[in-house]
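As structure tokens, the structure follows; a few thoughts come after it.
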Amino acid sequence: RAFEDVLMYEGVITHYLPKGPEGEKGIDVWLALEAFEMAIYKRYDVLALIAGDGDFVPLARKLNTLGTRVMLLGWDFSFSDSAGNLREMKTSQLLYGEVPYALRMAEVMDASREGGDPA
């Protein structure tokens, strides 16, 4: 809860939707519409998109045409699902190509551990 309090204090708007048995449904469209509407009304300076789904490519393109800066924080990782199968999550390369500011968080974290500069 403390993390959400910090985000709220800093003016960050978070979006949570319940996840059903088949996974999330509709959050991509809902988030895209919300981000686009807020960009039209100049409600933010930079959209920080923490996502990996290529479904956000059209949003990034539209925001670019409005002159809205988009920062992508891409998280690539592996994990074992409930059945013990190894799964890999990768951020869409198309999405990386559409945003002017992209951070590959694994590289940022590795550089931080090594005492280097990720940029």
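Students sometimes get this wrong: rank 96, 41 by accessible area, probe 1.4 Å, all chains present, largest first. Kindly include the intermediate steps, with their values, before the conclusion.
On the way: 96 20, 41 155 Å².
From most accessible down to least: 41, 96.
For segment 79-86, in order, what is each residue's ³J(HN,Hα) by Karplus, 6.51 cos²θ - 1.76 cosθ + 1.60 with θ = phi - 60°, in whole Hz (x at glycine and Pro)?
7, 9, 7, 5, 8, x, 7, 6
In a Gaussian network model over the chain where Cα atoms closer than 10 Å are linked, find which of 79, 36, 56 has the largest mean-square fluctuation.
Taking springs between Cα atoms under 10 Å, the residue moving most is 79.
With just the Cα atoms defining each centre, how far is segment 68-119 from segment 36-65? Give it in Å.
18 Å
Given Cα pairs under 8 Å that are at least 6 residues apart, what percent is the relative contact order of the chain? Could you put the intermediate results ahead of the total?
Working: 133 pairs, mean separation 23.2, N = 119.
19 percent.
For residue 38, what charge total do you get from the other residues with a beta carbon under 15 Å from its beta carbon, if Lys and Arg give +1 and Asp and Glu give -1? Before the final figure, lay out the partial values.
Values: positive: 42, 43, 62, 69; negative: 34, 37, 45.
Here the count lands on +1.
Which residue, 84, 74, 11, has the most motion in a Gaussian network model of the chain that connects Cα atoms within less than 10 Å?
Result: 84 has the largest fluctuation of those listed.
How large is the accessible surface per residue of the chain, computed with a 1.4 Å probe and reported in Å² as a whole number?
Numbers: 8760 Å² over 119 residues.
That works out to 74 Å² for each residue.
Going by amide H atoms built from the backbone, whose H comes under 5 Å of the H on residue 49, apart from near neighbours?
Correct list: 71, 72, 73.
The values are calculated or read from the model by the stated rules, or taken from the named source; none is laboratory data. Fair warning: this is a prediction, and the values are worked out from it, not measured in the lab. Positions of Cβ are generated from backbone atoms using ideal geometry, with glycine treated the same way; all protein chains shown enter the neighbour counts. The accessibility values were calculated without ligands, DNA or RNA, using every heavy atom of the protein model including side chains. Shrake-Rupley method; radii C 1.70, N 1.55, O 1.52, S 1.80 Å.
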